[in-house]
Amino acid sequence: MLTQTYPYVFDPDHAPLEARAAEFRGAGSIRQRVAALGAAGLLARRDTRSLAVIRRQLAYHDPLDDLAFVIQELGCTPLERANVLLEVVAEARAGQRVIVFGLTEPNAGSDVRSLETVAVRDGSQYRLTGTKHFISNAPECDGAVVFAKLDGQVACFFVDAPPTSAQAVAAHSIGRLELDGTAGVLVSEKGFGLAFATLERCRPSVGAAAIGLAARALDETIAYTKQRRQFGAPLAALPVVRLRLAEMGVELETATLATLHACWKRDAAHAGERTGYTSAVGKIVATEAAQRIIDMAVQLHGGAGVEESSVVQQLYRAVRPLRIYEGATDVLLTVVADHLLGSP
Ligand SMILES: Cc1cc2nc3c(=O)[nH]c(=O)nc-3n(C[C@H](O)[C@H](O)[C@H](O)COP(=O)(O)OP(=O)(O)OC[C@H]3O[C@@H](n4cnc5c(N)ncnc54)[C@H](O)[C@@H]3O)c2cc1C
């Protein structure tokens, strides 16, 4: 448990929350998992270290529970910051509504400023036209926070029950929002401010999900190499295997410390303080380390590590997108470079 191993990072209320998250087991569709998370009281708005302890535990046991959890957080945060549609937020945080965060488009990925979805006024409402893709949980959503251009500026809208289509991405529920004159409610005319603040709030917790996946991979590999016998002894008795396990442990420890530092920094920041550098470093260190740890876990399982039913094979698929979404590693490295050198 993070709260036991690193008590100096946490407040007293984090430990019971982490214990509750550790006991949680979702099942079935994203909708069913969101409902169960809401019933367990895990979807309430909390600080960044809380997001971290919850995500670390959920990702360890089932990455789909973590996905159900974090997308609700991404969907609720813009509405809460803008202080609008709080009845929608209340339903989402109770697990009664699946809401999603719609920023990315086919021609606007890392370069979000080039987004093409447009909104036009229609009486007291707005009509939105454009396609959002790679939107987590879109196929099962009842509502979407959508960023679109209004009079040339990016604004934020809420779309009730948007038309969607599914995309095929391994180990993920994902799809498109197909907006074609679809009615929306204005959340804020300052769309980019809301989008970046939301991503900034959630980014340190991506590292927590990564270390959850990596910790599971390490535990699976320790257990496997202790029982798998080759050359008359367990694999774990081989010096090279012991070395690899030790390297995985060191990587996990480093990734955990970088993640916890980023989460603590975010919670300790005073109003207006920028934490983008620490968040970027935390996400880069944790997600890149998790990828290496899980790759080594597959390696140490040999052929068993690529069987469909193998846990480490599932972790291998689950960890990969973490290095891409909420700021791809190379994009975040530009944040680090700007911090070190100043913006060009
Ligand atoms: C599983 C998954 C879930 C997602 N969920 C959501 C969601 O819920 N909501 C949402 O809005 N979006 C979501 N996304 C989209 C995600 O945010 C984008 O995939 C991401 O921003 C990258 O955009 P892109 O895929 O268009 O890649 P591109 O922007 O085309 O970039 C491709 C690669 O080019 C490199 N690159 C790009 N720009 C730079 C740069 N400036 N400097 C250095 N290197 C660069 C990076 O290596 C990058 O990975 C999700 C994506 C995935 C894979």
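The values are calculated or read from the model by the stated rules, or taken from the named source; none is laboratory data. What you see is a predicted model; the values in this text were computed from it and never measured. All Cβ positions, even for glycine, are placed from backbone atoms using ideal geometry, and neighbour counts span all protein chains on display. Side chains included, ligands, DNA and RNA excluded: accessible areas come from the protein's heavy atoms. Shrake-Rupley method; radii C 1.70, N 1.55, O 1.52, S 1.80 Å.
A few notes on this one:
- Projecting the Cα atoms of 112, 154, 221 onto the dipole axis of the chain, where Lys and Arg carry +1 and Asp and Glu carry -1 at the beta carbon, places 221 farthest toward the positive end.
- Segment 60-108, accessible surface, carbon-and-sulfur percent (1.4 angstrom probe): 48
- For segment 155-173 and segment 180-252, distance of Cα centres in Å: 24
- Stretching the chain fully between residue 230 and residue 299 yields a gain of 23.3 nm (0.36 nm per residue, less the alpha carbon separation).
- Here residue 132 is the anchor, and the lysines within straight C-alpha reach of less than 26 Å, apart from those fewer than 8 places off in the same chain, are 149, 190, 283.
- Stokes-Einstein D in µm²/s, Kirkwood radius over Cα pairs - the chain at 10 °C with 1.306 mPa s viscosity: 76
- With θ taken as phi - 60° and the Karplus curve 6.51 cos²θ - 1.76 cosθ + 1.60 applied, the whole-hertz 3J(HN,Hα) list for segment 83-92 is 6, 10, 6, 5, 5, 5, 4, 4, 5, 5 Hz, x standing for glycine and proline.
- Residues whose amide H comes within less than 5 Å of that of residue 105, counting only those at least five positions distant or on another chain, are 133 (H built at 1.01 Å from N in the peptide plane).
- Within the accessible area of segment 190-283 (1.4 Å probe), percent carbon and sulfur: 59
- Separation between Cα centres of segment 48-70 and segment 316-340, rounded to whole Å: 19
- Estimated from helices alone, the mean residue ellipticity of the chain at 222 nm is -17500 deg cm²/dmol (sum of -39500 (n - 2.57) over DSSP H runs with n ≥ 4, per residue).
- 3J(HN,Hα) from dihedral phi, segment 114-121, Karplus parametrisation 6.51/-1.76/1.60, rounded to Hz, x for glycine, proline: 8, 5, 10, 5, 10, 10, 10, 5
- Of 238, 67, 218, the one that fluctuates the most in a GNM where the chain has Cα springs shorter than 10 Å: 238
- Under 5 Å, built H, 5+ apart or other chain: amide partners of residue 126: 184
- GNM flexibility winner over the chain from 56, 45, 176 (Cα, springs under 10 Å): 45
- GNM flexibility winner over the chain from 38, 272, 303 (Cα, springs under 10 Å): 272
- Tilt relative to the chain, helix 14-23 - C-alpha long axis, 0 to 90 degrees, to 10: 80
- If the segment from residue 47 to residue 338 were pulled out straight at 0.36 nm per residue, it would be longer than the present Cα-Cα gap by 102.1 nm.
- Order of exposure, largest accessible area first, which applies to 61, 261, 270 with probe 1.4 Å: 270, 261, 61
- Top positive-direction residue, dipole computed over the chain with Cβ charges, set 236, 184, 22: 236
- Relative to the Cα centre, the charge distribution of segment 1-100, modelled as +1 at Lys and Arg Cβ and -1 at Asp and Glu Cβ, gives a dipole magnitude of about 140 debye.
- Based on protein heavy atoms only, segment 2-93 ends up with 38 Å² per residue of surface accessible to a 1.4 Å probe.
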